[in-house]
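One structure below.
The values are calculated or read from the model by the stated rules, or taken from the named source; none is laboratory data. Keep in mind that what you see is a predicted model, and the values were worked out from it rather than measured. Cβ placement follows ideal geometry from the backbone for every residue including glycine, while neighbour counts extend to all protein chains displayed. Protein only, heavy atoms only, side chains kept; ligands, DNA and RNA dropped before computing areas. Shrake-Rupley method; radii C 1.70, N 1.55, O 1.52, S 1.80 Å.
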Amino acid sequence: MPPPSLHHINPGLLEVYTGPMYGGKTDHLKDRIDPILHIHDKPYLWVEPSTNVRKLRVPKRIQRHFFPADHPEKIFEYLNDHPQTRIIAIDEGQFAAHSLVMVVEKLLARNQNVIVGGLDLDFRGETFGCMGDLMARAHYLERCYKGKCHYTGCENVSVRTQRLIDGKPAPYDSPIVIVEDKESKKRKIIYETRCHLHHFVPGKPGVRIIIP
Ligand SMILES: [Zn+2]
């Protein structure tokens, strides 16, 4: 299927933009919503799980709504408040409960154009939340791989998200989502995009890790 036109609303179509961190997923969502902002009743809804604390990536001209990560059904309440909606962007879909899949199915059945952005894989290199099921249902799927591996001297395309804790690769038993608190602030936790070769997860079952 060819890429959807940025200037069209595609009723009943699910588009999924996915990839590692810093891959350009949110930019794709913004590009899809931007032309809609010029329509007088702005028939869009932009929603994100409330666990997402990023504030700077989405321009102020786009109004964001937050739903509890474990209660994606809240999206229907926003939809009731915005009956003109024809295109729904859901960013950071990986943080939402699995029931987001059913919510998306229902939105498509209402002939909404649903656009989901989110990480395909967690720091362990395993399917992140409900993203795998959404990718399987996508009518249009784009893997957003922008830029090169951050590992020194590597020129490969970055396809994975590497978590580093105090400069070392996070072990497999590190939590999938780190909630920022007093304890977590004691450690320096950063993320890099890496190629498959330089994505290290010590302790990952069945994978022998050799970190140079
Ligand atoms: Zn690399």
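Quick notes on this structure:
- Every residue from the range 160-212 that is open to solvent by less than 50 Å² (accessible area, probe 1.4 Å), within 16 Å of the ligand (Cβ to nearest atom) and not in a strand (DSSP E or B): C195, H198, H199, F200, V201
- The range 77-159 holds strands (runs of 3 or more DSSP E) entirely within its bounds, and those carrying 3 or more residues that are open to solvent by 20 Å² or more (accessible area, probe 1.4 Å) map to 140-143.
- Pairs with Cβ under 6 Å, 6+ apart, first in the range 1-25 and farther than 15 Å from D122 by Cα, second among the polar types (S, T, N, Q) and outside any loop (DSSP other than H, G, I, E, B): I9/N113; N10/N113; P11/N113; L13/N113
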